[in-house]
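Presented below is the structure to which this report refers.
No value in this document is a laboratory result; all are computed from the given coordinates. These numbers come from a predicted model, not from an experiment. Here the Cβ positions follow ideal geometry from the backbone for every residue, glycine too, while neighbour counts run over all protein chains shown.
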Amino acid sequence: MSEEFVKIPQDRLGVLIGKDGEVKRLIEKKLSVKLEIDSEEGLISIFQKEGAEDPLNLWKARDIVRAIGRGFPFEKASKIFSDYYVFEMLYLPDYLGKSAKAWERQRSRIIGKDGSTRKTIEDLTSSDICVYGKTVSIIGDFDGVADAREALEMILEGKPHSIVYRYLEKRKKDKVRDFGENKSL
């Protein structure tokens, strides 16, 4: 039997379990997995049930648990049930070292005034972004997540927001143009 382990913050366990255990049960049922939750440690063990048809469901369950653990509400994390959505996480210390001041400054740049930067990146990439603790996480289709990650990395490198937005607008136009060309084939 295959298994995965995920550690999530204790303040996110309630979201994973859901009212009367409904979120946990839904994940288990839809993905043919079993979630064992150690609420003292915040450790989630995910087991693939015997006879489960899709071996990728174990990874989907892991990513849904990780997304909830990184601040997404279940409604957004549940997009990962689909084969078209993926989860990716950036760990700020990997980009900024150990400086808590640098993390906070860059978190603020990513979020923007009243969430405007985060919202703009989400809109231009058709993805969802959550800033939680020392992480920035993304849920979206493969291309959207790749573009959002690139935009977030540009911000973390200190590039001006205007350059990031221009990059994303160009990517969006290129995709629309490419889709139109491919559609006529």
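Relative to the longest principal axis of the Cα atoms of the chain, the long axis of helix 116-125 makes an angle of roughly 80 degrees. Here is the tail figure for the stretch 86-183: Cα pairs spaced more than 25 Å apart come to 17 percent of all pairs. Springs join every pair of Cα atoms under 10 Å in this Gaussian network model of the chain, and among Glu122, Glu88, Glu22 the largest mean-square fluctuation is at Glu22. Using +1 at the C-beta of Lys and Arg and -1 at the C-beta of Asp and Glu, which of Ala102, Phe72, Phe47 has the Cα lying farthest in the positive direction of the dipole of the chain? Sorting the options by dipole projection puts first Ala102. A simple count of charges around Lys19, restricted to other residues whose Cβ falls under 14 Å of its Cβ and scoring Lys, Arg +1 and Asp, Glu -1, yields -1. For the pair the stretch 38-55 / the stretch 111-140, the C-alpha centres are spaced 28 Å from each other. Treating the stretch 3-81 as a set of equal point scatterers at the Cα positions, no solvent, please give the Debye-formula log₁₀ I(q)/I(0) at q = 0.25 Å⁻¹. The computed values of log10 I(q)/I(0) come out as -1.24. Across the stretch 26-32, coupling constants 3J(HN,Hα) worked out from phi with the 6.51/-1.76/1.60 Karplus curve, θ = phi - 60°, read 5, 4, 4, 5, 5, 10, 6 Hz, and Gly and Pro carry x. Size of the chain: Rg and Dmax of its alpha carbons, in Å, are 18.0, 57.
Each residue of the stretch 70-86 was assigned a 3J(HN,Hα) from its phi angle through the Karplus curve 6.51 cos²θ - 1.76 cosθ + 1.60 (θ = phi - 60°); the sequence is 9, x, 6, x, 4, 4, 7, 4, 5, 4, 5, 4, 6, 6, 8, 10, 10 Hz, with glycine and proline shown as x.
Spacing of the modelled spin labels on Tyr95 and Glu75, each 7 Å from Cα toward Cβ, amounts to 2.7 nm.
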